[in-house]
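All remarks here apply to the structure that follows.
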Amino acid sequence: MNRLLKMSAVSLLTIGSFSVQAGIFHADTLKDVQAKGSLTCGVSTGTPGFSSPDASGNWSGVDVDVCRAVAAATLGDANKVKFVPLTAKERFVALSSGEIDMLSRNTTWTHTRDTSLGLTFAGVNYYDGQGFLVKKSLGVNDVSELDGATFCIQAGTTTELNLADYFRANKMNFKAVTYDTSAQTKGGFEAGRCDALTSDVSQLAGLRSTLKDPSSAVVLGNVISKEPLGPVVRKDDNKWLNIVRWSLNAMIEAEELGITSATIDNASTSPGVQRLQGKSGKLNESLGLDKDWSRNIIAQVGNYGESFERNIGMSTPIQLPRGVNQLWIKGGILYAPAFR
Amino acid sequence: MANSWVSHFFIKFFMFTKLKSLLYNNEVRAVLFQILAVVVIAYFAYQAFDNMMLNIEQRGIRSGFGFLNNESGFAVNDSFFLEYSPASTNLQAFYVGIVNTLIVSITGIFFASIIGLVVGIARLSNNYLIKKMATAYIEIFRNIPILLQILFWYSIALNAFPSPRNSINFFDSVFLNSRGLYLPKPIMDGDFYFVIASFVIGVIGYIFIKKRSDKKHDETGIVTNTIPYFLGLVVFLPMVVYFASGAQLDYPALKGFNFKGGTDLSIEFFALAFSLSIYTATYIAEAIRSGVESVDKGQKEAAAALGLKNTRIMRLIILPQALRVAIPPIINQYLNLTKNSSLATAVGYSELVTIFSGTVLNVIGQAIEIIILTMLVYLTISLVISLILNIFNKKMQIKGG
């Protein structure tokens, strides 16, 4: 009997301490990451150019580079990242439950996601939009000719909502067949289940190139939505939000200042360059990082332009033009806030 | 029993004033252990829930069921009976999901039962070919995972049927293509209600005639053929009224990319209902077979000695007894089929999981509320199926002592 009483007392205490712990919950993701010695980053299950693993399991892509930049800034090593592949449905739960430290998985920054999920978007690393892939045999040149058509779409994306919005706004009818993965969506399109496939423009070119007969389909010129894609963190840790936001900004700023992974250690008298090199200024202190944080990012991952050209630029199979994802001084809308 | 036990306990309780002697009383201890267990479990559940709510609040995640009244904003491919558009609310999307789940489950249960019954009996046939074919069917389809079967039949359906412009055409009113089956739809105005009314009258009339003929059969043994009455009342009467009243059907016609007008069943619905039916039918066939085999051989021999034909022996003597054994495992299979219908996400049939814990969950992001609602729906459907079939099972059991 005594043993039983002891056991119940112990179990009650254990449960009680649970609630106490929950009560004094303070998030310090930076401390956790540095204690673990690695950054856990949520990525896609395979989106070529954005986040996809190669045959030997090495991840690459522009989204992957954001993870690597944060690892370089916080741990001094861009390779200390553990990648967790997530489906569109899983991503937010994985982040808010603490399974991952940050999410960098072509995720559209929307009002609802930013305000009601307990999450915060740290910036934009690719400005995308929704486009259409259409069978050439239909002879369609513009979305406005697609009244009454059937569309193949992937579940759990903003695509579903944009499509419905566009057709309602233009008083046109449509049917949608919603699949779970992007591979199934492509399969449905190829088999003729739908007249058109709709997805982010950045993915359409890649999708088209993997069709059995790429010349049987065309990408329409129309873009019907804004899809600013960017990294996401939990709302309860502002220090961590700043680290992720400014790691991405450092990549953009480096391109603007003309420093690459090759030229980062060159002697320069420009105060802006010296601040990014960690030689002057105290930008690191308020982030709680080493003086080398931005130097590590640029030396190990490269600037934004390098990452873009390496993963999705014209020399890659994805062949995306810079378009609006060009620096503001070159006619695009990429603009990092001032580094001072 | 229970009352006297409780009062006994309380008498014991008051008799032992010392705590120690109370603790060493066997009966008291037995009850105390159980109360303690319940308290610990309840406390743990409460703490877990409390912890969850605290975390949700701290992280600024929206909670509650207010989102159900928000506009859904997305389109759904299949919608039966209910009007639905992207301007509808999430609650309406939820209802569409439930109806779609129910329709594909009921269709699946209906065909699985028929196929299962036929194959189950065929497996016991004396004809070598029929027996072996039934065995082969069961062994093949029971041993391939259902998800693979759904994907397989879906890709077959997508590639085997023609494109909309080359649809298989039945009398210019029914069309079949790789997107689905297009059927004429009655235009529900005043005229069509006459057709529906005449059909209802026909069915009631037929039931009346059938009852009378059954009574006559019980009393005199004379069998009346009621099939002509059935055709006349249930089939011809509504048809005559349809042509006489001038009621209209809305025919599907190819306009632009797709068929417009009429009503349609998507190819995803067919692939899912078909796969669920032929998969579950194998288990039902086995249940029927074990039921039939459980009936004593003497029953069949006695019936044969009375001069009954084989089909009548099966229908009147063997099956009623076999079902007693077969119904409990068949209930299980109906429940499995309903739950398996959630695999529809794989082929894009818009049932509850696809719509609600798929798209709505993504738009809204309130995983806990949405998953709880989805689970409650499946629980309710399963409990209702169990209840109905348990009542049926009770009726089939041998009555009295």
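Quick notes
- Residue selected from segment B:38-64 under the condition within 7 Å of chain A (Cβ to nearest Cβ) and charged (D, E, K, R), by the criterion nearest to B:L361 (Cα to Cα): B:R62
- Every listed requirement among (1) crowded, with 17+ Cβ neighbours inside 10 Å; (2) touching a Phe, Trp or Tyr at 6+ places or on another chain (Cβ under 9 Å) is met by B:L361 save one, (2).
- Residues being aromatic (F, W, Y) and assigned to a loop (DSSP other than H, G, I, E, B) are entirely absent from segment B:147-154.
- Yes/no for A:L146 being hydrophobic (A, V, I, L, M, F, W, C), closer than 15 Å to A:T198 by Cα and either surrounded by 21 or more Cβ atoms within 10 Å (Cβ to Cβ) or not assigned by TED's automatic domain parsing to the domain that holds A:S52 (or both): yes
- Of everything listed in (1) out of contact with any Cys (no Cβ under 9 Å at 6 or more places or on another chain); (2) at the interface with chain B (Cβ under 8 Å from one of its Cβ atoms), the single unmet condition for A:A149 is (1).
- Scan segment A:240-272 for residues that are farther than 23 Å from A:Y126 by Cα and touching a residue at least 40 places away in the same chain (Cβ under 8 Å) and the total you get is 1.
- Residues located in segment B:179-229, provided they are outside any helix (DSSP H, G or I), on the phi < 0 side of the Ramachandran plot and without any contact (Cβ under 8 Å) to a residue 60 or more places away in the chain: B:M188, B:D189, B:I222, B:V223, B:T224, B:N225, B:T226
- Failed criterion for A:T115 (all others in (1) within 14 Å of chain B (Cβ to nearest Cβ); (2) in contact with a Gly (Cβ under 7 Å, 6 or more places away or on another chain) hold): (2)
- With respect to being more than 22 Å from the chain's Cα centre (by Cα), modelled with pLDDT of 90 or more and among the acidic types (D, E), B:E83 falls outside the description.
- Count - residues of segment B:123-138 that are touching a residue at least 40 places away in the same chain (Cβ under 8 Å) and assigned to a helix (DSSP H, G or I): 3
- Some residue of segment B:111-122 being surrounded by 18 or more Cβ atoms within 10 Å (Cβ to Cβ) and assigned to a loop (DSSP other than H, G, I, E, B): no
- Scanning segment B:152-187 for residues that are over 28 Å from the mean Cα position of the chain (by Cα) and away from chain A (no Cβ under 14 Å) gives B:I168, B:N169, B:F170, B:F171, B:D172, B:S173, B:I187.
- Within segment B:148-173, restricting attention to residues that are over 26 Å from B:A346 (Cβ atoms) and in contact (Cβ under 8 Å) with a residue 12 or more places away in the chain, the residue that is surrounded by the fewest Cβ atoms within 10 Å (Cβ to Cβ) is B:R165.
- The residue that is surrounded by the most Cβ atoms within 10 Å (Cβ to Cβ), among those in segment A:181-193 that are more than 8 Å from chain B (Cβ to nearest Cβ) and not aromatic (F, W, Y), is A:T185.
- Test result for A:T159, in the same structural domain as A:L241 (by TED's automatic domain parsing) and within 30 Å of B:G60 (Cα to Cα): no
- Selection count where residues are surrounded by fewer than 17 Cβ atoms within 10 Å (Cβ to Cβ) and not acidic (D, E), scope segment B:55-90: 16
- Of all the numbered requirements in (1) more than 19 Å from A:L334 (Cα to Cα); (2) touching a residue at least 40 places away in the same chain (Cβ under 8 Å); (3) among the acidic types (D, E), A:E285 misses one, and that requirement is (2).
- Entirely in segment B:285-401, the helices (runs of 4 or more DSSP H) that have 1 or more residues that are within 30 Å of A:F92 (Cα to Cα) and within 19 Å of the chain's Cα centre (by Cα): B:319-340, B:367-396
- Given (1) at pLDDT 90 or above; (2) touching a strand residue (DSSP E or B) at 6+ places or on another chain (Cβ under 8 Å), number of the condition B:I109 does not satisfy: (2)
- Single residue of segment A:94-109 satisfying the filter (closer than 17 Å to B:V363 by Cβ, of a type in the set (S, T, Y) and more than 9 Å from chain B (Cβ to nearest Cβ)) that is surrounded by the most Cβ atoms within 10 Å (Cβ to Cβ): A:T107
The values are calculated or read from the model by the stated rules, or taken from the named source; none is laboratory data. Since this is a predicted model, take the numbers as computed values, not measurements. For neighbour counting, all protein chains shown are included, and Cβ atoms are generated from backbone atoms with ideal geometry for every residue, glycine included.
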